[in-house]
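Asker: Please find one structure pasted underneath; my questions will follow.
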Amino acid sequence: MRVMERSFREQLFFLVLCLSVLKGDSRYIENNEISKDELYSFFNSELKREIPEELMYRRPLRCLDMVAVEGQFTFTAEHPQLSCAAFFMAEPTEVISVDFDNVDIDCRGGDFITVFDGWVMKGEKFPSSQDHPLPVYERYVDYCDSGSLRRSVRSSQNVAMVFFRIHNSGSTFTLTVRKHINPFPCNVISQSPEGSYTMVIPQQHRNCSFSIIYPVEIDISEFSLGHYNNFPKRSMPGCAESGDFVQLLGGNGIDTSKLLPITDLCISFTGPTHMKIGCDNTVVRMVSSGKFVNRVSFSYRLLDSQELQTIKLNNVEDFCFNN
């Protein structure tokens, strides 16, 4: 049991090991090396805690941190910290707001605090540029550039992150993190290696994805694409030509545009259908033209070590899945 728990902790934070943070004299994302010891100590930290209703939860913010609760998080530099990142996560049906409070840093001296709308890991972004409603440059909000004009930032999905660099010991800032209900979630990273979900796009021209950063067996129980609801079930030669379809993707990164296509579905049906995907990231992605109400329902569970070994033995080189 302990082996299994460690396994999905390792899978959950596999991409954190490869996270990219601001480094050097630039404010752009670059690769950063983080030791396994740092991550294992991170695995053992509590990601979720109960918050008393009458009090806001407060704790220090670490240079490398994962936050899954509302509250106030204060970072105080004991020495220069030039390459830090905090990952924030909410439930699939929530978005996150990050407020800058009590900021005492030296912007002119090269300090900065930047909120990113999504996650960045190893140079890849979630959601991808193809799936996010904003251009990339609008997804970064730098406190030193915006100051009092933009003291609050709200994410477009259930994850966000903050990059920061502090040069002087004693410099400090506080972030207030809150969660808000999102009536039509789009682009989700799952907190759990097992569960079920229904994705709905209500006549909007957009792409939505549900990312499971574990190797899983996934069961699609139902999906409905409006333009085929009144037609017999039949195969289509090319789903992309239809304008409305569902993709299953797999890979070891977080950018859906760089993942391997496993299968495309473009004919409405009632399932179930299932497959085992041995990748570090498994994604259900829906592409919608905006003309119809589209939906897909699915469940997923973590693959055990024996199943993963079987997939590994049967794998074709350069592929991380077996269907």
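The values are calculated or read from the model by the stated rules, or taken from the named source; none is laboratory data. All values derive from a computational prediction rather than experimental measurement. So basically every Cβ, Gly included, is an ideal-geometry build from the backbone, and we count neighbours across all protein chains shown.
Asker: What about M286, is it among the aliphatic types (A, V, I, L, M), buried (at least 19 other Cβ atoms within 10 Å of the Cβ) and either part of a loop (DSSP other than H, G, I, E, B) or modelled with pLDDT of 85 or more (or both)?
Answerer: yes
Asker: Of the conditions (1) under 27 Å from E94 (Cβ atoms); (2) at pLDDT 85 or above; (3) among the charged types (D, E, K, R), K276 clears all except one; give me its number.
Answerer: (1)
Asker: Within the stretch 152-208, considering only strands (runs of 3 or more DSSP E) that don't extend past its boundaries, which have at least 1 residues that are farther than 24 Å from N294 by Cα?
Answerer: Filter on the stretch 152-208 gives 152-154, 159-166, 172-181.
Asker: Restricting to the stretch 63-94, and then to whatever is assigned to a strand (DSSP E or B), of a type in the set (V, I, T) and more than 11 Å from M161 (Cβ to Cβ), can you tell me which residue is nearest to the chain's Cα centre (by Cα)?
Answerer: Taking the candidates together, the pick is T74.
Asker: Then there is this: Provide a single number: the residues in the stretch 68-104 that are within 20 Å of S171 (Cβ to Cβ) and among the hydrophobic types (A, V, I, L, M, F, W, C).
Answerer: Final tally of qualifying residues: 10.
Asker: Please indicate, with yes or no, whether at least one residue in the stretch 60-77 is at pLDDT 95 or above, basic (K, R) and either under 28 Å from Y197 (Cβ atoms) or touching an Asp or Glu at 6+ places or on another chain (Cβ under 9 Å) (or both).
Answerer: No, because not a single residue in the stretch 60-77 is at pLDDT 95 or above, basic (K, R) and either under 28 Å from Y197 (Cβ atoms) or touching an Asp or Glu at 6+ places or on another chain (Cβ under 9 Å) (or both).
Asker: Are any residues in the stretch 125-151 outside any strand (DSSP E or B) and among the basic types (K, R), and if so, which ones?
Answerer: Of everything in the stretch 125-151, those that are outside any strand (DSSP E or B) and among the basic types (K, R) turn out to be R139, R150, R151.
Asker: Name the residue that is nearest to N187 (Cα to Cα), counting only residues in the stretch 125-162 that are in contact (Cβ under 8 Å) with a residue 24 or more places away in the chain and among the aromatic types (F, W, Y).
Answerer: F126
Asker: Now for a separate question. If the requirement is being touching a helix residue (DSSP H, G or I) at 6+ places or on another chain (Cβ under 7 Å), more than 29 Å from Q204 (Cα to Cα) and buried (at least 16 other Cβ atoms within 10 Å of the Cβ), which of these qualifies: F116, F112?
Answerer: F112
Asker: Regarding the stretch 294-302, can at least one residue be identified that is modelled with pLDDT of 90 or more, over 19 Å from the mean Cα position of the chain (by Cα), β-branched (V, I, T) and not in a loop (DSSP other than H, G, I, E, B)?
Answerer: yes
Asker: Another question, then. When the stretch 98-112 is examined, which residues are found to be out of contact with any Ser or Thr (no Cβ under 6 Å at 6 or more places or on another chain) and part of a strand (DSSP E or B)?
Answerer: V98, F100, V103, F112
Asker: If you don't mind, there's one more thing I want to ask. Surrounded by fewer than 22 Cβ atoms within 10 Å (Cβ to Cβ) and either over 20 Å from the mean Cα position of the chain (by Cα) or modelled with pLDDT of 95 or more (or both): does that describe S155?
Answerer: Against the criterion (surrounded by fewer than 22 Cβ atoms within 10 Å (Cβ to Cβ) and either over 20 Å from the mean Cα position of the chain (by Cα) or modelled with pLDDT of 95 or more (or both)), S155 does not qualify.
Asker: If only one of G195, G170 is assigned by TED's automatic domain parsing to the domain that holds D65 and not β-branched (V, I, T), which one is it?
Answerer: G170
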